[in-house]
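The values are calculated or read from the model by the stated rules, or taken from the named source; none is laboratory data. Given the structure is predicted, the values throughout are model-derived calculations rather than measurements. Heads up, the Cβs are rebuilt from the backbone with ideal geometry, glycines too, and the neighbour counts pull from every protein chain shown. Please note that ligands, DNA and RNA were not included when accessible areas were found on the heavy atoms of the full protein model with its side chains. Shrake-Rupley method; radii C 1.70, N 1.55, O 1.52, S 1.80 Å.
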Amino acid sequence: MMYIKQAIAILGITSMIAGIPAIVYAQAPPTRGTQISYQQYYNQGVQKLEQGNFSGAIEDFNQAVQLNPQLYQGLCLRGMAKYQLGDLQAAKVDFEQALKINPNYADAYNSRGIVSAEMGDTQGAIADFNKTLEINPQFVDAYYNRGLLNHKQGNHKLAMADFNQALKINPKLADAYGNRGIVQYTLGNKRGAVTDLQKAATLFREQGNSEGYQQTQFLIQKVQE
(Lines give C-alpha, C1' and ligand atoms only; values in the text may rest on other atoms or scores of the structure.)
Protein backbone atom coordinates (compact mmCIF):
# COMPACT_ATOMS: atom_id res chain seq x y z
CA MET A 1 0.00 0.00 0.00
CA MET A 2 1.17 3.53 -0.58
CA TYR A 3 0.04 7.12 -0.56
CA ILE A 4 0.15 9.88 -3.13
CA LYS A 5 2.96 12.30 -2.39
CA GLN A 6 0.71 15.31 -2.02
CA ALA A 7 -0.39 17.88 0.57
CA ILE A 8 1.09 16.68 3.87
CA ALA A 9 1.19 13.04 2.82
CA ILE A 10 4.59 11.92 4.01
CA LEU A 11 4.10 8.22 4.69
CA GLY A 12 6.61 6.09 2.84
CA ILE A 13 6.85 2.81 1.06
CA THR A 14 6.99 0.65 4.19
CA SER A 15 3.26 1.09 4.58
CA MET A 16 2.79 -0.48 1.14
CA ILE A 17 4.36 -3.79 2.04
CA ALA A 18 3.33 -4.18 5.67
CA GLY A 19 0.55 -6.63 4.88
CA ILE A 20 2.38 -8.77 2.35
CA PRO A 21 3.50 -12.19 3.58
CA ALA A 22 7.23 -12.91 3.60
CA ILE A 23 6.73 -16.18 1.72
CA VAL A 24 4.32 -16.36 -1.19
CA TYR A 25 2.88 -19.44 -2.84
CA ALA A 26 1.84 -18.56 -6.36
CA GLN A 27 -1.22 -19.89 -8.15
CA ALA A 28 0.75 -22.75 -9.74
CA PRO A 29 3.81 -23.48 -7.54
CA PRO A 30 6.84 -24.67 -9.50
CA THR A 31 8.96 -27.60 -8.43
CA ARG A 32 10.16 -27.45 -4.84
CA GLY A 33 13.74 -26.55 -5.71
CA THR A 34 12.63 -23.62 -7.84
CA GLN A 35 9.99 -22.63 -5.31
CA ILE A 36 12.55 -22.11 -2.56
CA SER A 37 14.67 -20.09 -4.92
CA TYR A 38 11.98 -17.64 -6.02
CA GLN A 39 10.77 -17.24 -2.44
CA GLN A 40 14.28 -16.42 -1.33
CA TYR A 41 14.65 -13.74 -3.99
CA TYR A 42 11.20 -12.42 -3.13
CA ASN A 43 12.03 -12.20 0.58
CA GLN A 44 15.33 -10.47 -0.16
CA GLY A 45 13.48 -7.99 -2.37
CA VAL A 46 10.97 -7.22 0.37
CA GLN A 47 13.79 -6.63 2.85
CA LYS A 48 15.66 -4.32 0.48
CA LEU A 49 12.44 -2.46 -0.30
CA GLU A 50 11.89 -1.83 3.41
CA GLN A 51 15.50 -0.64 3.73
CA GLY A 52 15.15 1.79 0.84
CA ASN A 53 17.50 -0.15 -1.45
CA PHE A 54 15.16 0.12 -4.41
CA SER A 55 17.65 -0.86 -7.12
CA GLY A 56 18.64 -3.95 -5.17
CA ALA A 57 14.98 -4.79 -4.62
CA ILE A 58 14.30 -4.58 -8.35
CA GLU A 59 17.15 -7.01 -9.06
CA ASP A 60 15.74 -9.53 -6.58
CA PHE A 61 12.19 -9.20 -7.87
CA ASN A 62 13.52 -9.64 -11.42
CA GLN A 63 14.96 -12.99 -10.36
CA ALA A 64 11.82 -14.00 -8.47
CA VAL A 65 9.53 -13.19 -11.40
CA GLN A 66 11.85 -14.91 -13.86
CA LEU A 67 11.66 -18.09 -11.79
CA ASN A 68 7.91 -17.74 -11.24
CA PRO A 69 6.21 -15.61 -13.92
CA GLN A 70 2.87 -15.92 -12.08
CA LEU A 71 4.21 -14.14 -8.98
CA TYR A 72 1.97 -11.08 -9.23
CA GLN A 73 3.01 -9.90 -5.75
CA GLY A 74 6.60 -9.70 -6.94
CA LEU A 75 5.57 -7.75 -10.02
CA CYS A 76 3.61 -5.30 -7.89
CA LEU A 77 6.46 -4.78 -5.44
CA ARG A 78 8.91 -4.34 -8.30
CA GLY A 79 6.61 -1.65 -9.61
CA MET A 80 6.63 0.03 -6.22
CA ALA A 81 10.44 0.04 -6.21
CA LYS A 82 10.49 1.53 -9.72
CA TYR A 83 7.97 4.15 -8.55
CA GLN A 84 10.29 5.14 -5.72
CA LEU A 85 13.10 5.61 -8.26
CA GLY A 86 10.85 7.88 -10.32
CA ASP A 87 10.29 5.51 -13.24
CA LEU A 88 6.53 5.92 -13.32
CA GLN A 89 5.87 4.37 -16.72
CA ALA A 90 7.84 1.21 -15.90
CA ALA A 91 6.07 1.00 -12.54
CA LYS A 92 2.69 1.24 -14.22
CA VAL A 93 3.61 -1.58 -16.62
CA ASP A 94 4.44 -3.82 -13.64
CA PHE A 95 1.15 -3.02 -11.91
CA GLU A 96 -0.77 -3.78 -15.10
CA GLN A 97 1.10 -7.04 -15.57
CA ALA A 98 0.25 -8.03 -11.99
CA LEU A 99 -3.43 -7.27 -12.70
CA LYS A 100 -3.41 -9.46 -15.80
CA ILE A 101 -2.40 -12.38 -13.56
CA ASN A 102 -4.73 -11.43 -10.71
CA PRO A 103 -7.51 -9.01 -11.74
CA ASN A 104 -8.66 -8.77 -8.11
CA TYR A 105 -5.37 -7.59 -6.58
CA ALA A 106 -6.36 -4.44 -4.71
CA ASP A 107 -2.78 -3.33 -4.00
CA ALA A 108 -2.01 -3.18 -7.71
CA TYR A 109 -5.09 -1.03 -8.43
CA ASN A 110 -4.20 1.36 -5.60
CA SER A 111 -0.59 1.57 -6.76
CA ARG A 112 -1.54 2.11 -10.40
CA GLY A 113 -3.94 4.80 -9.24
CA ILE A 114 -1.10 6.65 -7.54
CA VAL A 115 1.10 6.46 -10.61
CA SER A 116 -1.79 7.61 -12.83
CA ALA A 117 -2.42 10.56 -10.50
CA GLU A 118 1.21 11.64 -10.65
CA MET A 119 1.18 11.28 -14.44
CA GLY A 120 -1.81 13.64 -14.58
CA ASP A 121 -4.56 11.08 -15.25
CA THR A 122 -6.84 12.04 -12.37
CA GLN A 123 -9.92 10.28 -13.69
CA GLY A 124 -7.99 7.08 -14.30
CA ALA A 125 -6.57 7.30 -10.80
CA ILE A 126 -9.97 7.75 -9.20
CA ALA A 127 -11.30 4.82 -11.23
CA ASP A 128 -8.48 2.68 -9.84
CA PHE A 129 -9.16 3.77 -6.27
CA ASN A 130 -12.85 3.00 -6.80
CA LYS A 131 -11.92 -0.46 -8.04
CA THR A 132 -9.62 -0.97 -5.06
CA LEU A 133 -12.50 -0.21 -2.70
CA GLU A 134 -14.88 -2.41 -4.67
CA ILE A 135 -12.51 -5.32 -4.05
CA ASN A 136 -11.66 -4.35 -0.48
CA PRO A 137 -13.99 -1.82 1.24
CA GLN A 138 -11.55 -1.62 4.17
CA PHE A 139 -8.59 -0.49 2.03
CA VAL A 140 -7.75 2.68 3.95
CA ASP A 141 -5.12 3.98 1.51
CA ALA A 142 -7.61 4.08 -1.35
CA TYR A 143 -10.00 6.27 0.65
CA TYR A 144 -7.12 8.52 1.61
CA ASN A 145 -5.72 8.79 -1.92
CA ARG A 146 -9.15 9.37 -3.43
CA GLY A 147 -9.73 12.05 -0.82
CA LEU A 148 -6.61 13.88 -1.94
CA LEU A 149 -7.74 13.82 -5.56
CA ASN A 150 -11.29 14.87 -4.72
CA HIS A 151 -9.89 17.82 -2.80
CA LYS A 152 -7.58 18.69 -5.69
CA GLN A 153 -10.55 18.65 -8.06
CA GLY A 154 -12.59 20.90 -5.78
CA ASN A 155 -14.92 18.13 -4.62
CA HIS A 156 -14.37 19.05 -0.99
CA LYS A 157 -17.39 17.30 0.48
CA LEU A 158 -16.43 14.07 -1.25
CA ALA A 159 -12.90 14.55 0.07
CA MET A 160 -14.28 14.97 3.59
CA ALA A 161 -16.26 11.76 3.23
CA ASP A 162 -13.16 9.89 2.07
CA PHE A 163 -10.98 11.16 4.90
CA ASN A 164 -13.77 10.39 7.39
CA GLN A 165 -13.89 6.82 6.13
CA ALA A 166 -10.11 6.48 6.20
CA LEU A 167 -10.04 7.64 9.82
CA LYS A 168 -12.89 5.33 10.75
CA ILE A 169 -10.74 2.43 9.58
CA ASN A 170 -7.46 3.79 10.94
CA PRO A 171 -7.86 6.46 13.66
CA LYS A 172 -4.07 6.79 13.88
CA LEU A 173 -3.62 8.02 10.30
CA ALA A 174 -2.06 11.40 10.95
CA ASP A 175 -1.97 12.40 7.29
CA ALA A 176 -5.72 11.93 7.00
CA TYR A 177 -6.35 14.26 9.95
CA GLY A 178 -3.99 16.82 8.45
CA ASN A 179 -5.53 16.77 5.02
CA ARG A 180 -9.05 16.71 6.44
CA GLY A 181 -8.07 19.82 8.36
CA ILE A 182 -7.05 21.49 5.10
CA VAL A 183 -10.41 20.56 3.58
CA GLN A 184 -12.21 21.91 6.65
CA TYR A 185 -10.37 25.20 6.23
CA THR A 186 -11.27 25.31 2.52
CA LEU A 187 -14.94 24.81 3.46
CA GLY A 188 -14.73 27.70 5.93
CA ASN A 189 -14.67 25.63 9.14
CA LYS A 190 -11.63 27.21 10.76
CA ARG A 191 -12.27 25.69 14.18
CA GLY A 192 -12.63 22.19 12.73
CA ALA A 193 -9.48 22.74 10.68
CA VAL A 194 -7.43 23.63 13.75
CA THR A 195 -8.82 20.65 15.69
CA ASP A 196 -7.88 18.24 12.91
CA LEU A 197 -4.44 19.76 12.40
CA GLN A 198 -3.72 19.63 16.11
CA LYS A 199 -4.72 15.97 16.17
CA ALA A 200 -2.44 15.32 13.20
CA ALA A 201 0.44 17.09 14.93
CA THR A 202 -0.07 15.03 18.10
CA LEU A 203 -0.06 11.79 16.12
CA PHE A 204 3.00 12.79 14.10
CA ARG A 205 4.85 13.56 17.34
CA GLU A 206 3.78 10.27 18.92
CA GLN A 207 4.84 8.37 15.81
CA GLY A 208 8.24 10.05 15.68
CA ASN A 209 7.57 11.88 12.41
CA SER A 210 9.29 15.19 13.07
CA GLU A 211 8.87 16.41 9.48
CA GLY A 212 5.12 15.82 9.58
CA TYR A 213 4.88 17.43 13.01
CA GLN A 214 6.76 20.58 11.95
CA GLN A 215 4.82 20.92 8.72
CA THR A 216 1.50 20.56 10.54
CA GLN A 217 2.51 23.12 13.16
CA PHE A 218 3.27 25.54 10.35
CA LEU A 219 -0.19 24.90 8.86
CA ILE A 220 -1.83 25.51 12.24
CA GLN A 221 -0.12 28.90 12.47
CA LYS A 222 -1.29 29.79 8.96
CA VAL A 223 -4.89 28.79 9.69
CA GLN A 224 -4.94 30.80 12.93
CA GLU A 225 -3.63 33.99 11.31
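Would you be able to tell me the number of residues in the stretch 89-118 that are in contact with a Ser or Thr (Cβ under 9 Å, 6 or more places away or on another chain) and surrounded by fewer than 24 Cβ atoms within 10 Å (Cβ to Cβ)?
3
Which number in (1) under 25 Å from residue 147 (Cα atoms); (2) without any contact (Cβ under 8 Å) to a residue 60 or more places away in the chain marks the one condition that residue 75 misses?
Going through the list (1) under 25 Å from residue 147 (Cα atoms); (2) without any contact (Cβ under 8 Å) to a residue 60 or more places away in the chain, residue 75 breaks only (1).
Against the definition (assigned to a helix (DSSP H, G or I) and buried (at least 17 other Cβ atoms within 10 Å of the Cβ)), how does residue 44 come out, yes or no?
Yes; evaluated as a whole, the condition is true for this residue.
Can you work out which of the residues in the stretch 59-77 that are under 21 Å from the mean Cα position of the chain (by Cα) and open to solvent by less than 30 Å² (accessible area, probe 1.4 Å) is nearest to residue 112 (Cα to Cα)?
Once the filter is applied, the top-ranked residue is 76.
Give 116, 111 a once-over and let me know the one that is of a type outside the set (A, V, I, L, M, F, W, C), in contact (Cβ under 8 Å) with a residue 40 or more places away in the chain, under 30 Å from residue 154 (Cα atoms) and part of a helix (DSSP H, G or I).
Going through 116, 111 in turn, just one is of a type outside the set (A, V, I, L, M, F, W, C), in contact (Cβ under 8 Å) with a residue 40 or more places away in the chain, under 30 Å from residue 154 (Cα atoms) and part of a helix (DSSP H, G or I): 111.
Considering the stretch 194-225 alone, what residues qualify as being under 24 Å from the mean Cα position of the chain (by Cα) and of a type in the set (A, V, I, L, M, F, W, C)?
Hits for the stretch 194-225 are 197, 200, 201, 203, 204, 219.
If I ask for residues that are of a type in the set (Asp, Glu) and closer than 19 Å to residue 162 by Cα, which ones from the stretch 178-218 would you list? Talk me through it step by step, then tell me what you get.
Step one: list which residues in the stretch 178-218 are of a type in the set (Asp, Glu), which gives 196, 206, 211.
Once the filter is applied, which keeps residues that are of a type in the set (Asp, Glu) and closer than 19 Å to residue 162 by Cα, the stretch 178-218 yields only 196.
Which of the residues spanning the stretch 169-205 are free of Cβ contacts under 8 Å to residues at least 40 places away in the same chain, within 19 Å of residue 144 (Cβ to Cβ) and either of a type in the set (D, E, K, R) or touching a strand residue (DSSP E or B) at 6+ places or on another chain (Cβ under 6 Å) (or both)?
Across the stretch 169-205, the qualifying residues are 172, 180, 196, 199.
Looking at (1) under 25 Å from residue 145 (Cα atoms); (2) assigned to a helix (DSSP H, G or I); (3) of a type in the set (S, T, N, Q), can you tell me which one residue 104 breaks?
(2)
So which residues in the stretch 78-87 are among the hydrophobic types (A, V, I, L, M, F, W, C) and open to solvent by less than 40 Å² (accessible area, probe 1.4 Å)?
Those that are among the hydrophobic types (A, V, I, L, M, F, W, C) and open to solvent by less than 40 Å² (accessible area, probe 1.4 Å): 80, 81.
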